[in-house]
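Since the structure comes first, as structure tokens, the remarks are kept for the end.
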Amino acid sequence: MAGRTGDGGQTGDGRTGDGGRTGGTGIAGRARDGLAARLEGEVFTPLDAGYERELAGFNRIGQHRPDVIVAARSAGDVSAAVSFAAGQALPIAVQATGHGIAAPARGGVLVATRRMNAVAVDPLTRTAYVEAGAQWHQVIAAGGPHGLAPLNGSSPLVGVVGYTLGGGLGPLGRQYGFAADHVTCIEIVTADGSVRQVTRDQHPDLFWALRGGKGNFGIVTGLWFGLMPVRRLYGGGIYFPGEQAAQVLHTWRQWTATVPEEMTSSVSLLRLPDVPDVPEFLRGTFAAHVRIAFTGRAEEGERLVRPLRASGTPLTDGVGEMPYTSVADIHKDPVHPLAYHERNIVLRELGADAMEALLRAAGSGSPCGDLMVEVRHLGGALARPAEVPNAVGVREGAFTLTTLSPPGSPDAVLGPMEPWSTGRRYLNFLAGADTAGSAAECFDPETLGRLARVKAEVDPGNLFRLNHTIAPRP
């Protein structure tokens with residue numbers, strides 16, 4: 001039924017929806033009902049039964065508490081929601097999967113896009129189209145039969161749009177670059193409620209800013225991008241006992257200087273809890289995990305990986321020939337919601353002294369309590385400018401260093417590694433309220449200034465500020 005409000009059923013605290021009164025939100029029921037009448041989707045307020053269910057995102061480190069949720073089903077719904085928020089002078093948040101939550105909405109309007117999940121692949125032009133709420137596993141599955149792969153990230157459950165707007169650093173990155181580099185067209189609803197088609201020729205400044213500046217400029221409702229001719233990989237993961245972490249990580253560090261661009265890899269130090277979601281051999285233990293994605297021949301991949309295999313005694317070795325549709329097996333990211341801080345820095349180098357510092361902070365015998373400390377190898381196509389320039393801000397880095405920490409945990413790893421930092425952070429690897437003000441650290445001053453000027457043109461009132469915000473600057 002189009003344009004429904006929440007059903008007024010019983011909420012978690014036993015209250016009952018008010019059928020269109022203020023509902024404790026400070027927003028008049030008449031205004032809310034007027035919005036609902038314009039929608040294909042639904043409207044929820046805190047007194048409606050579906051409100052809590054609609055809010056639930058993957059990363060539970062933060063929780064939105066908006067006055068109004070618009071469960072959008074179309075670009076028209078998003079336009080109506082934005083126009084409503086602008087008319088009420090309310091800030092706007094967006095949620096597809098909730099992996100990258102930053103500043104939680106305390107009031108305002110949340111546009112939930114997960115129902116907008118259409119995906120289409122054109123094998124002739126090697127392109128894909130997705131709606132706002134699509135997830136990577138949908139694109140991977142759609143491209144697979146045609147021998148085509150998207151530039152997805154390590155988890156196939158992440159939303160395509162948010163990941164791509166933040167840059168998009170994945171298992172094919174060193175060969176093909178960032179996902180944002182391959183975007184050809186963006187449909188976006190800006191702060192005035194208008195729906196714009198944005199390309200290199202139409203609204204070129206906005207096209208530049210959206211590809212790297214993330215959700216600061218509006219709500220993206222459609223995305224077109226290129227796919228890569230990748231059908232299979234020599235890839236997977238090798239797990240080593242934690243006491244062998246030092247020799248494994250030092251071997252990997254030296255090895256990265258020798259590999260071709262067709263090889264993208266990372267290592268992580270894992271301290272996973274003893275819970276059923278964790279593989280039994282990793283529960284409550286400390287382990288090192290090497291991740292491999294190589295697009296060349298399996299024989300060459302086996303030869304390249306041989307030094308890593310010889311660096312310790314693996315607990316398990318899952319590296320081998322695999323279809324690209326099994327790419328999730330490389331990182332084996334969590335599939336169930338959990339709460340974690342995500343923080344990172346970009347490293348300009350990772351010499352022996354830097355690796356020793358990392359091992360002191362996060363290795364065997366350290367006081368580190370992070371769930372994961374990960375280093376990803378950059379370079380290759382990730383270091384080259386996009387064919388159509390964009391705002392992605394970490395091309396000068398050699399590695400990213402990222403931590404996933406339990407709720408309430410302070411940073412204990414990144415600080416000691418600052419001497420080897422470029423001074424930048426990667427926007428997509430930031431989550432939690434303590435990272436909400438970190439956007440300025442993700443770009444050089446010139447890029448940040450240009451982003452702020454584009455922001456002033458399309459969102460001068462900073463309605464889209466419930467994120468890693470870039471403030472408008474004329």
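Distant-in-sequence amide contacts of LEU39, defined by a placed amide H-H separation under 5 Å and a gap of 5 or more residues or a different chain, comprise GLY3. Helix 75-87 and the longest principal axis of the Cα set of the chain meet at an angle near 70°. Near the amide H of PHE286, within less than 5 Å, lie the amide hydrogens of GLY242, all on another chain or at least 5 residues away, with H placed in the peptide plane.
Projected label points at THR285 and ALA257, each 7 Å from Cα along the beta carbon direction, are separated by 3.2 nanometres. Determine the distance separating the Cα centre of segment 339-359 from the Cα centre of segment 195-244; give it in Å without decimals. Their Cα centres are 24 Å away from one another. Counting protein heavy atoms only, the chain has 52 percent of its accessible area on carbon and sulfur, 1.4 angstrom probe. Ligands, DNA and RNA aside, GLU280 has an accessible area near 150 Å² when probed at 1.4 Å. In the assembled protein chains, TRP224 presents an accessible area of approximately 80 Å² (probe radius 1.4 Å). Distance between the C-alpha centres of segment 118-161 and segment 301-325: 27 Å, rounded to the whole angstrom. If you plug the beta carbon distance of ALA433 and THR199 into 1/(1 + (r/R0)^6) with R0 = 22 Å, you get a FRET efficiency near 0.05. As a test of the formula, what do you get for the chain when each DSSP H run with n ≥ 4 contributes -39,500 (n - 2.57) and the sum is divided by the residue count, at 222 nm and rounded to the nearest 500 deg cm²/dmol? Theoretical 222 nm ellipticity from helices: -6500 deg cm²/dmol. One way to sum up the overall shape of segment 31-89 is the equivalent ellipsoid from its Cα gyration tensor, whose semi-axes run 20, 12, 12 Å, largest first.
Counting Lys and Arg as +1 and Asp and Glu as -1, what is the net charge of the other residues whose Cβ lies under 13 Å from the Cβ of GLY369? For residues surrounding GLY369, the net value is -1. Rounded to the nearest 20, the Cβ-based charge dipole of the chain about its Cα centre (Lys and Arg +1, Asp and Glu -1) stands at 380 debye. Phi angles across segment 263-268 convert, under the Karplus curve 6.51 cos²θ - 1.76 cosθ + 1.60 with θ = phi - 60°, into 3J(HN,Hα) values of 9, 10, 8, 7, 10, 9 Hz, Gly and Pro given as x. Backbone phi angles across segment 141-152, fed through the Karplus curve with coefficients 6.51, -1.76 and 1.60 (θ = phi - 60°), yield HN-Hα couplings of 5, 6, x, x, x, 9, x, 10, 10, x, 8, 6 Hz in residue order; Gly and Pro are listed as x. Considering only protein heavy atoms, what per residue accessible area in square angstrom results for the chain with a 1.4 angstrom probe? Roughly 38 Å² per residue, with all protein chains present. LEU210 contributes about 0 Å² of solvent-accessible surface, heavy atoms of the protein only, 1.4 Å probe. Here the gap between ARG60 and GLU299, fully extended at 0.36 nm per residue and compared with their Cα-Cα distance, gives a gain of 81.8 nm. Phi angles across segment 273-283 convert, under the Karplus curve 6.51 cos²θ - 1.76 cosθ + 1.60 with θ = phi - 60°, into 3J(HN,Hα) values of x, 8, 9, x, 5, 8, x, 4, 6, 10, 5 Hz, Gly and Pro given as x. The mean sequence separation of alpha-carbon pairs under 8 Å and at least six residues apart, normalised by the residue count of segment 168-215, gives a relative contact order of 25 percent.
Identify which of the listed values of Rg and Dmax of the Cα atoms in Å was calculated from the structure shown: [x] 24.2, 76; [y] 22.3, 69; [z] 21.3, 71. Of the listed options [x] 24.2, 76; [y] 22.3, 69; [z] 21.3, 71, [y] comes from this structure.
The values are calculated or read from the model by the stated rules, or taken from the named source; none is laboratory data. Treat the numbers as computed from the prediction; the structure is a model and nothing was measured. We place every Cβ from the backbone using ideal geometry, glycine too, and count neighbours over all the protein chains shown. SASA here: full protein model, heavy atoms, side chains in, ligands and nucleic acids out. Shrake-Rupley method; radii C 1.70, N 1.55, O 1.52, S 1.80 Å.
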